[in-house]
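See structure below.
The values are calculated or read from the model by the stated rules, or taken from the named source; none is laboratory data. None of the values given here were measured: they were computed from a predicted structure. Glycine gets a Cβ as well: all are built from the backbone with ideal geometry, and neighbour counts include every protein chain shown.
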Amino acid sequence: MHSVIVEPPDTLTPPDSYAVSAEFYDVLQAQDDARRVRHLYGPAVAKARLGVVDVGAGTGRVTLMSLARSEVGVHAVEPARAMRAALMTRLAALPSTQRARVSVHPHTLGEAALHDVADLVVCHNTVACLSPAARRALWAAAGDALVPGGTLLLQLPPARLPVEDRHRVFPVQRMGRHEYGGRMVMSAAGPRIRTRVEYWVRGTQGLLRQHTETFWMWPATRSDLTADLRRHGFTVSSAHHDPAVLAVTLRQEA
Ligand SMILES: C[S@@+](CC[C@H](N)C(=O)[O-])C[C@H]1O[C@@H](n2cnc3c(N)ncnc32)[C@H](O)[C@@H]1O
């Protein structure tokens with residue numbers, strides 16, 4: 001068994017995590033998540049007139065959807081090398097007209113220092129993995145990246161710590177002679193959620209290999225996040241109706 005535990009970052013830049021998960025991310029999760037991303041952010045992306053920023057772009061689900069559904073420039077912000085490698089491979093295969101519109105930033109949004117480049121910032125499945133300090137840095141950087149009146153859409157983290165361990169099993173996927181599977185176990189660990197992900201590959205003779213990676217999440221309620229975002233110049237927007245997503249707008253200067 002190959003195990004990796006990614007300790008929570010004590011700086012705002014995360015370590016090079018996802019070294020294990022990147023290999024399994026798309027085969028186990030991509031199809032369902034691509035549908036979800038189109039549903040959650042597709043209409044807002046189609047309305048973008050200046051630019052879209054995808055924070056924590058991972059292997060590129062929101063970035064690719066944004067290139068397909070808009071005509072604007074897209075900024076993919078992804079600090080983890082392993083995830084970025086998968087993202088770059090996907091982007092390299094795109095037609096040159098789409099490649100000309102996408103920029104990849106190998107940093108956090110704050111480190112990328114983007115100013116007034118977008119009218120939409122999307123954080124899909126990213127905010128949960130950020131410590132409170134990293135979230136505050138993100139709100140400030142999103143305010144810089146957006147023009148006044150621009151929208152920030154973020155998938156909400158778990159609202160509270162799990163009372164008991166929560167399990168999520170990834171449906172088994174077949175590829176050639178092999179089957180891929182895995183599961184995620186979320187448990188309370190002090191003020192954080194310890195998320196241990198296990199992956200396995202089976203052949204006709206049985207188990208071929210097994211890996212684990214552990215991540216940390218910080219729970220926060222919608223109202224906690226809203227209060228924090230208000231302090232960074234955002235107001236809640238009523239334009240987005242899915243309960244999984246918080247939509248806020250950068251205040252216009254008076
Ligand atoms: C759970 S993955 C989600 C990836 C992608 N959004 C998706 O849903 O497929 C979270 C991503 O956020 C990235 N990330 C972590 N800290 C970040 C930060 N401070 N700024 C931007 N991205 C960050 C990680 O490297 C990782 O790729």
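General observations
- Consider segment 93-119 and keep the residues that are among the hydrophobic types (A, V, I, L, M, F, W, C), surrounded by 14 or more Cβ atoms within 10 Å (Cβ to Cβ) and more than 15 Å from the chain's Cα centre (by Cα). The one that is farthest from Gly51 (Cα to Cα) is Leu94.
- Inter-residue pairs, beta-carbon under 8 Å, first over 15 Å from Leu109 (Cα atoms) and near the ligand (Cβ under 8 Å from one of its atoms) and in segment 61-88, second modelled with pLDDT under 95 and of a type in the set (A, V, I, L, M, F, W, C), 6+ apart: Arg61/Ala30; Arg61/Ala34
- Scan segment 167-183 for residues that are buried (at least 16 other Cβ atoms within 10 Å of the Cβ) and hydrophobic (A, V, I, L, M, F, W, C) and the total you get is 1.
- Condition check for Ala100: away from the ligand (no atom under 13 Å from the Cβ), modelled with pLDDT of 95 or more, of a type outside the set (Asp, Glu) and within 17 Å of Arg38 (Cα to Cα): no
- Selection within segment 24-51 - among the hydrophobic types (A, V, I, L, M, F, W, C) and either over 18 Å from Gln155 (Cα atoms) or more than 13 Å from the ligand (Cβ to nearest atom) (or both): Phe24, Val27, Leu28, Ala44, Val45, Ala46, Ala48, Leu50
- Among residues of segment 112-125 being outside any loop (DSSP other than H, G, I, E, B) and touching a Leu at 6+ places or on another chain (Cβ under 8 Å), the one that is farthest from the ligand (Cβ to nearest atom) is Asp119.
- Test: residue in segment 52-65 that is part of a loop (DSSP other than H, G, I, E, B), at pLDDT 95 or above, over 29 Å from Arg183 (Cα atoms) and not small (Gly, Ala, Ser): no
- Of residues in segment 11-25 being small (Gly, Ala, Ser) and within 17 Å of Met217 (Cβ to Cβ), the one modelled with the lowest pLDDT: Ser17
- Segment 37-92, subset surrounded by fewer than 22 Cβ atoms within 10 Å (Cβ to Cβ) and charged (D, E, K, R), residue farthest from Asp144 (Cα to Cα): Arg90
- Where Thr89 falls short, out of the listed (1) of a type in the set (S, T, N, Q); (2) over 19 Å from Ala247 (Cα atoms); (3) assigned to a loop (DSSP other than H, G, I, E, B): (3)
- Check on Val127, more than 17 Å from the chain's Cα centre (by Cα) and of a type in the set (A, V, I, L, M): no
- Top-ranked residue in segment 126-155 [being more than 17 Å from Ala44 (Cα to Cα) and not in a helix (DSSP H, G or I); ranked as farthest from the ligand (Cβ to nearest atom)]: Ser131
- Checked against (1) out of contact with any His (no Cβ under 6 Å at 6 or more places or on another chain); (2) away from the ligand (no atom under 16 Å from the Cβ), Leu225 passes all but a single condition, namely (2).
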